[in-house]
Structure formats: C-alpha cells, structure tokens
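Novice: Below is a structure I'd like to ask you about.
Please treat every number below as a calculation from the coordinates, not as lab data. Note that the structure is a prediction, hence the values are computed from the model and not measured. Every residue, glycine among them, receives a Cβ derived from its backbone with ideal geometry; neighbour counts consider all protein chains shown.
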Amino acid sequence: MAEGSARPGPLPARPRAEPSSVPALRRPTVTAAKGGAKGKSPRLGTDTRERLLDAAERLFADHGYDGTSLRDIADLAGQNMALSTYHFGTKLRLFEEVVRRRAVELEAARLAALARVGTGAAPRAEVVRALIEAYAVPVIDACYGPSKQWQSHVRLISQLVSVKRWTPLLRSHYDHCGQIFLDRFREAMPDADPNALLDAFSFMVATILYVCSYTNRFDRMRTGTRSPEDEISSVTENCLRFVHAGFMAL
C-alpha cells in the first residue's frame, strides 16, 4: 500500500496560483453504470447514486477493495443495501464507477488547461513548465479545495498504482490523457530520449499523488511557522519547481 493511503488531516482551501488559472473542476452528469436496473429514468435516484459513490470512494480509500463491503457502503451512505445492487449491480462495477467518474472530470480539466498552452516559439523551459501546470494543477486544486472527496480519490489511486490487479482499470481511464500530455512533452523536448521523458512523466505522476494524499508525515520536521494557506501554496510551488527541474535536466 502506498504511503498516501493514510487518512489525511483537514485541509484549508488552497489559494489559486496566478500562473495556472485552471478552471475549477465540474462534476459531469454520471451515466448509469453497467449492471443497473433497465428502464430506469436518468433522473431517478441520482442523489442516492451519488451518495453511494461518495461513501464507496471514502471506504475504498480507507480500507481497500477487499476490506470494504456493499453493506459498509450502504451504511455510510445511509441507504438500503439493495440500492447498491439496483444502481451498480456488483461491488466490482461500483468500484469501477468510483474510479471512472473522477477520471472523466480530471481528464476534461487537464485537456482544457492543455488547450491553453501555446505551441509557438516560446522558450522550452516556459513550455515545459506550462505543460506541468496543466497536468498537475487541476488535481492539486481539487484536492485542496472545499470537497474532501478528491482527497479520498487520490488516496485510492495511490494504492491502486502499486497493485497489478488494477493496472488494466487505471490504463483504461488514465492512459488516454497521459499519452496526449506525453506527446506534448516530446514535442517540446525533441532532443530528449523518449524513454527518459516517459520516466520523468511517471515520476511527476508519483510526486503529484504524494502531494495530494497529504498525510502530514513530515510536518514535525518543518521549521518556522506559516499560515495553512501559505503552507499549501508553498508546497504546491515547490512540487512544480521540483518536477520542472527534473524534466529540464534530461
């Protein structure tokens, strides 16, 4: 299990950094998962479905797939367990939908940010920094925003990346967007070894997952005092600078 699987402490909202200017993530309409009841109106039970997904997301992040039951999810959501079967069919399909819904939101936000990254004659270092921000800032902003659900999602993904059982699931929902970004990095750095760029991209993903999991593990080692807002802003900027330096060293 990855370090990011520990329960994070409460986090204040992160002030938006000016260079990023990435739009806030918006939750799209979630379509019915496979295995749900046939003929069900799209509007019927939407709130119940979202409560079940939110509860499942938190429990899967805290206890893993095998350590969570449909009854646990229904109890946390305050719903009858039969409704889980009605909306999702099986625990596996519920789990897949938990992963899918955030991946859809995140891909949309990342690609929107990527569309604003210029392809002209800007200095390479500036383009690389802009690409990193387009990929990292949407999820960082979401995790440090008012909803703690995104923290649960990132802690869950931090666990799944280390388990081969879930590799196909992650590939199906995250590789499309990842490949688009990787191609843009290769365009911005044509002289860099393509495999070295892939390694740098994977290191960036791992760094973002750790930053967004926020376990407070190293807080006791910090010196001086800063406001929570300044602390989050500083950690985010240091993360972006760290990743940028890694890419530029290739």
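Novice: Considering the Cα positions of segment 42-98, please state its Rg to one decimal place and its Dmax as a whole number of Å.
Specialist: 10.0, 31
Novice: Quick one: in segment 52-135, what % of C-alpha pairs are over 17 Å apart?
Specialist: On the way: 1990 of 3486 pairs.
Counting every Cα pair in segment 52-135, those more than 17 Å apart make up 57 percent.
Novice: Show me 180-193, 149-162 ranked by packing, highest mean number of other Cβ atoms within 10 Å first. Write out the running numbers ahead of the final one.
Specialist: On the way: 180-193: 15.3, 149-162: 21.8.
Those peptides, ordered most packed to least, come out 149-162, 180-193.
Novice: Also: Does segment 104-250 come out rounded, prolate or oblate by the C-alpha gyration tensor, with a ≥ b ≥ c the root eigenvalues, rounded set by a/c under 1.5 and, if not, prolate when a/b is larger than b/c and oblate if not? If you can, show how the numbers build up before the last one.
Specialist: Details: a/c = 1.64, a/b = 1.23, b/c = 1.34.
It comes out oblate by the Cα gyration axes.
Novice: On a full-extension model of 0.36 nm per residue, what is the gain between residue 76 and residue 187, subtracting their alpha-carbon distance, rounded to one decimal in nm? Please list the in-between numbers first.
Specialist: Working: separation 111, 0.36 × 111 = 39.96 nm, distance 4.70 nm.
My answer for the length gained is 35.3 nm.
Novice: What does the C-alpha gyration tensor say about the overall shape of segment 123-204? Classify as rounded when a/c is under 1.5, otherwise prolate if a/b is larger than b/c, or oblate. List each step's numbers first, then the result.
Specialist: Details: a/c = 2.72, a/b = 1.39, b/c = 1.95.
In terms of gyration-tensor shape, oblate.
Novice: Right, next: Can you give the Rg/Rh ratio of segment 133-181, where Rg is from the C-alpha atoms and Rh is the Kirkwood radius?
Specialist: Working: Rg = 12.0 Å, Rh = 11.9 Å.
On the Cα set of segment 133-181, Rg over Rh gives 1.00.
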